[in-house]
Amino acid sequence: MRPRVFALAAALVLLAGCSSEESAETQWADGVCSAWNELSSDLRGVTDGLNVDSLSPEALDQLSSEITDRVDAVQASAENLAEAIADTPEGADQAIENAQQELGDEADDVRAGLDATGQAVQSLSGATTGQDITSALSDAQAALTQTGQALGTLGDTVAGYLSAADDTLRQAFDDAQSCQQTRTGGTSS
């Protein structure tokens, strides 16, 4: 019985020695990538399953309400991304600080696209003619495309950190589990 206890204790010691906690930089990178992945998913879902076959006032109100709810969810996800980017570890090295600035600027581009989308959705709720509806939907699609491109650029930037010259930056994004999905770079919209 004693050899089993010793073997179990030795295995636990080996496991404890082999496991390592994520660095603060990796936790930050994981938070950024996780928020990016959530926003990408929400953005793809903005137009999924929308019914624009009927242009009755009731159908238009329902469509506008549904799009508004979805855009609000995307905007909340964009805010989560901005917060994750801003939450750099205390005492982070210059490469992490530079990455935070670069990602923050790109997140601002994403939010600008979402603002344009929100304006187009507001135009949709005030549309009274088929031409107004078509114009608002076209503007919303263009804004969503702009948002998707900005989000894709952010994803490409994250993927680029995997070959960064700075070891800390490269390791943080390489070790972050949620960054695995951004390696393909970008998102479709």
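Only residues in segment 125-150 that are over 25 Å from D108 (Cβ atoms) count as the first member; pair them with residues that are among the β-branched types (V, I, T), Cβ under 6 angstrom, at least 6 apart or cross-chain, and list the lot.
Cβ pairs passing all conditions: A127/I133.
Quick check on segment 19-29: of everything there that is in a helix (DSSP H, G or I) and open to solvent by less than 60 Å² (accessible area, probe 1.4 Å), which residue is farthest from D115 (Cα to Cα)? Explain how you work it out, then say what you get.
Let us first name the residues in segment 19-29 that are in a helix (DSSP H, G or I), namely 24-29.
From what is left, the residues that are open to solvent by less than 60 Å² (accessible area, probe 1.4 Å) are 24-26, 28-29.
Working: A24: 32, E25: 30, T26: 31, W28: 26, A29: 26 Å.
Top of the filtered list is A24.
Going through segment 158-177 one residue at a time, which ones are in a helix (DSSP H, G or I) and open to solvent by less than 20 Å² (accessible area, probe 1.4 Å)? It would help to see each step written out before you state the result.
Applying the first criterion (in a helix (DSSP H, G or I)) to segment 158-177 yields 158-163, 167-175, 177.
The answer is V158, Y161, L169, A172, F173.
Among the residues of segment 86-141, how many are of a type in the set (S, T, N, Q), in a loop (DSSP other than H, G, I, E, B) and over 20 Å from S34 (Cα atoms)? Full working, then the answer.
Going residue by residue through segment 86-141, those that are of a type in the set (S, T, N, Q) are 88, 94, 98, 100-101, 117, 119, 122-123, 125, 128-129, 131, 134-135, 138, 141.
Keeping just the survivors that are in a loop (DSSP other than H, G, I, E, B) gives 88, 128-129.
Those still in the list that are over 20 Å from S34 (Cα atoms) too: 128-129.
Matching residues across segment 86-141 total 2.
Among the residues of segment 30-83, what is the count of those that are touching a residue at least 40 places away in the same chain (Cβ under 8 Å) and open to solvent by less than 20 Å² (accessible area, probe 1.4 Å)?
Residues in segment 30-83 being touching a residue at least 40 places away in the same chain (Cβ under 8 Å) and open to solvent by less than 20 Å² (accessible area, probe 1.4 Å): 16 in total.
Would you check which residues across segment 95-119 are at pLDDT 90 or above and among the β-branched types (V, I, T) and list them?
Answer for segment 95-119, where residues must be at pLDDT 90 or above and among the β-branched types (V, I, T): I96, V110.
The values are calculated or read from the model by the stated rules, or taken from the named source; none is laboratory data. Since the structure is predicted, the reported quantities are computational estimates derived from the model, not experimental observations. Ideal geometry is used to build each Cβ from the backbone, glycine not excepted, and the neighbour counts take in all protein chains shown. Heavy atoms of the whole protein, side chains included, go into the accessibility calculation; ligands, DNA and RNA do not. Shrake-Rupley method; radii C 1.70, N 1.55, O 1.52, S 1.80 Å.
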